[in-house]
1. Quick one: which helices (runs of 4 or more DSSP H) lie wholly within region 26-112 and hold at least 1 residues that are more than 20 Å from the chain's Cα centre (by Cα) and among the basic types (K, R)?
2. Please report, ordered by residue number, the helices (runs of 4 or more DSSP H) entirely within region 230-347 with at least 3 residues that are aliphatic (A, V, I, L, M) and touching a helix residue (DSSP H, G or I) at 6+ places or on another chain (Cβ under 8 Å).
3. Name the one entry in K101, K81 that is touching a residue at least 24 places away in the same chain (Cβ under 8 Å) and either farther than 30 Å from K237 by Cα or hydrophobic (A, V, I, L, M, F, W, C) (or both).
4. With the structure loaded, tell me whether Y243 is under 16 Å from Q171 (Cα atoms), open to solvent by 10 Å² or more (accessible area, probe 1.4 Å) and not polar (S, T, N, Q) or whether it fails that test.
5. Name the pairs whose Cβ atoms lie under 7 Å apart, with the first residue in region 323-347 and more than 14 Å from G167 (Cβ to Cβ) and touching a residue at least 40 places away in the same chain (Cβ under 8 Å), the second open to solvent by 70 Å² or more (accessible area, probe 1.4 Å) and assigned to a helix (DSSP H, G or I), and 6 or more positions between them or separate chains?
6. Looking at region 213-232, is at least one residue of a type outside the set (V, I, T), under 25 Å from P294 (Cβ atoms) and open to solvent by 10 Å² or more (accessible area, probe 1.4 Å)?
7. Which members of region 91-105 meet the condition of being on the phi < 0 side of the Ramachandran plot and open to solvent by less than 40 Å² (accessible area, probe 1.4 Å)?
8. If you go through region 304-326, how many residues are among the hydrophobic types (A, V, I, L, M, F, W, C), more than 19 Å from P248 (Cα to Cα) and open to solvent by 80 Å² or more (accessible area, probe 1.4 Å)?
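The values are calculated or read from the model by the stated rules, or taken from the named source; none is laboratory data. Because the structure is a prediction, the values reported are computed rather than measured. Cβ atoms come from the backbone with ideal geometry, glycine included; neighbour counts cover every protein chain shown. Ligands, DNA and RNA are excluded from the accessible area calculation, which covers all protein heavy atoms including side chains. Shrake-Rupley method; radii C 1.70, N 1.55, O 1.52, S 1.80 Å.
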Amino acid sequence: MLRTTLIASLLLCAVGAHAQSDIATLAAAAKKEGVVHSLGMPDTWVNWKETWAQIGKVYGVAHQDIDLSSAQEIAKFAAEKNNATGDIGDVGQAFGPIALKKGVTQAYKPSTWNDIPAWAKDADGHWMLAYMGTISFISNNKLVKNPPKTWDDLLKGKYKVTVGEVGVSAQANSALLAAAIAKGGSEKNLDPAFKFFAELARQGRLSMTDPSVANIEKGEVELAVLWDFNALGYRDKIDPTLYTVAIPADGSVSAGYTTIINKYAKNPNAAKLAREYIFSDAGQINLARGYAHPIRANVVLPRDVKDKLLPAAQYQHARPIQDFAGWEASTKAIPRQWQEQVMIFNQ
């Protein structure tokens, strides 16, 4: 009971009386709806499990999730419309503006709105980054004897490399961008990355295995290119001694994820309350416990949470997305270019 009371207090912390009243009204409406249906927010991703559990305990809102990619979430919102089965989704940074342009989102600014950097949010509150990740390598030490530290190291190995669903997944697309940046490319110029992965394909080393925690645990993935929060989470869930996680020393990219609330949500108040909680101190700490970097810089992380993250020195050559318009345009072209420039060699 004490923990539940503390969590509720954290949500109301540092907001005025009017905001507290608004949150209480929202919480009552959400409790009446009784459930929130999410897309792409499963228990295994950035500690969503604990976030949903706390929302359930504190506010009496149950939760169900369908795990989809960013593109699939937006497509589902658009296709179902008034028959919506999803209330809220979590999509990669480039997909927030895409969802807004498709007209499938509704705006909601949490009470911590002013703590979110201007570059990390839509001015009207349709999307806002909640956390950041950086592209990393995770390798199985039994299968990869010399864990790579750079993209160049990756080309010299004998093991297979998996990046997931390029063109569909924000994580896989960001892996492509990270390789491009390391090889002199940019948000507008992914050619170096396509050449890099085409070479892996020619070597017969590009794996189409899903880099899920289950497949990694089964030993079906030798090396995967993943967000650091997924790589660290999977490592610690399975066996911390069996895997090496590293940020590519020759270049990587950091990017964020944003919630999008379905314009046609059947449980809009529950979805808004979920966003409210995600941006509270408690919600941001939960994300950090899931190895992500919270967007709010004014949240003090507990020592045990900080100790779980990679050393800051590993991020020296990782940079955030700088050209948002360029990256959005490139994202749209990735599916065709990946097929034409990479998969043609993956026979």
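1. Helices (runs of 4 or more DSSP H) meeting the threshold: 48-59, 95-101.
2. Those helices (runs of 4 or more DSSP H) span 268-278, 281-289.
3. When all the criteria are applied, what remains is K81.
4. no
5. F345/R202
6. no
7. Within region 91-105, V91, G92, Q93, A94, F95, G96, P97, I98, A99, V104, T105 meet the criteria.
8. 1
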